[in-house]
Every structure is written in structure tokens, then in C-alpha cells.
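Written out below as C-alpha cells is the structure these notes cover.
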Amino acid sequence: MAFQEERDVDLLTNRLSDAWSWLEAHALLSRVPRQSENFRRLSRDGRELAADPKGLARFEARTRLAGPLHPDLEKTVRTNFDLGDYETACFAAMKAVEVAVRDASGLDNSLVGVALMRKAFQPHQNGKPGGPLADAGAEGGEQEAESALFAGAMSRHKNPSSHRTVDFADPIEAAQIIQFADLLLRHVDRARARNSLRGALEPASSNQPGDMW
């Protein structure tokens, strides 16, 4: 009855129904105890969202990280992000990338940040072997791009927090940086798997046809 003057009542009520279902699906509405099935109230999360000027941005940021992250990010990074400490969460995410690259490449602890990334992913060029994580089977430009991707990530998203306080006013940006770190860690996992496969094949390739396996 409240919408009987609207031009397309069915369209409006369908949209309102969709919106109501979305609020319930995201636990922003909850049932009212000791009331009938039809009664709803704002849940605790709903009240916090409504009271926070940045509530929608924080909600969207959490939604972006709702799925599973790389195991190296699930503890410290997710915990700090959920607490709203975005600077620590982003720094920890990029530090996890740095640690993973050093571990997978076997390079010395004296190499850090951009220098470590450039050494680990140095392209194979002119018959010379590249870095331990570079993909020798990839085209030269792709190898250089991967090196630049990791070096840029350190330079842009880890180094600043190492030297000064960085204010992450936008929680969505923080979520995107963590997702970026997640992607980089999966690149490292693939490089690690590639090296493991190469190591398993090398002894076999050195055998002569008459050798015993």
C-alpha cells in the first residue's frame, strides 16, 4: 500500500525484496527474540556499520578477503586487518612475500627488498643462467616483467612502511594490497614447484641409455 503511487510497483518491491535478502545473507539483520518469524532488527554488525562513517568501505574490504588467503597470510595479516590495523596488515603481507622469495630461492639473508627480488627473478639472457626463481621457459619480456612485478611490490608497498608511518585511510586499498601479496605468493609457489620438478628430472637426464634406473 505504501508504494501504490509508484509507476512500477512490482519492480520496486522486487528490488526491495532483493535488498532485504542481501542484508540478511550478510548477517546485517537478525531475528527478534520472542517475536514472530517476520520481525527483524539490525544485528550487531549492522549497527556498527550504520554508525561508522566508513562502515560501507570497511564492509566491502572485508568482503574482498572473505575467501581463503594463502596460508602465509592467514594468521598475522588477516588478524591485523580484521582489527583495522591496515598498515601492519599490509606490511606483514609484503614481508611474507619477501620471506617466501628468500626461502624458495635460497639466497643470502643479506639481500632484502628490491635487491632480493631482482636477484631471485633475474631473467635468463644470452645463454647466461638467471635467478633461481626465474622461469627459463618463459619469453624474455615475461621474465623481466615478473622481476619488475616483485621489485615494484617491495618498493611501493613494503619499503615505505619500513621507514615511516603510512596512513591507510581506505580499507579497500588495504584489502587490495593483501590480495596482491596473495597473488605474488602463488607465483612463488609455482616457481618453487618448477624448481622441484627440474631437480627431480636432472639426475634422470644425466643417465646414459644403458644406465640402470
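The values are calculated or read from the model by the stated rules, or taken from the named source; none is laboratory data. Fair warning: this is a prediction, and the values are worked out from it, not measured in the lab. Backbone-built Cβ (ideal geometry, glycine too); neighbour counts: all protein chains shown. For the accessible areas, the whole protein counts, side chains as well, though only heavy atoms, and no ligand, DNA or RNA atoms are used. Shrake-Rupley method; radii C 1.70, N 1.55, O 1.52, S 1.80 Å.
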* To do: Please tell me if F180 is crowded, with 21+ Cβ neighbours inside 10 Å, among the aromatic types (F, W, Y) and at pLDDT 95 or above.
  => no
* **Residue count for the stretch 123-146, restricted to those that are more than 21 Å from L197 (Cβ to Cβ) and assigned to a helix (DSSP H, G or I)** => 4
* To do: Of the conditions (1) of a type outside the set (D, E, K, R); (2) within 19 Å of D182 (Cα to Cα); (3) modelled with pLDDT under 95, G55 clears all except one; give me its number.
  => (2)
* Selection within the stretch 25-58 - aliphatic (A, V, I, L, M) and surrounded by fewer than 14 Cβ atoms within 10 Å (Cβ to Cβ) -> A25, A27, V32, A50, A51, L56
* Can you tell me which residues in the stretch 113-131 are within 21 Å of the chain's Cα centre (by Cα) and either at positive phi or open to solvent by 20 Å² or more (accessible area, probe 1.4 Å) (or both)? -> G113, V114
* Structure fact -> Of those in the stretch 65-87 that are over 11 Å from the mean Cα position of the chain (by Cα) and touching a residue at least 12 places away in the same chain (Cβ under 8 Å), the residue surrounded by the most Cβ atoms within 10 Å (Cβ to Cβ) is F81
* To do: Can you tell me which residue among A134, A104, A61 is crowded, with 16+ Cβ neighbours inside 10 Å, of a type in the set (G, A, S) and in contact with a Lys or Arg (Cβ under 9 Å, 6 or more places away or on another chain)?
  => A104
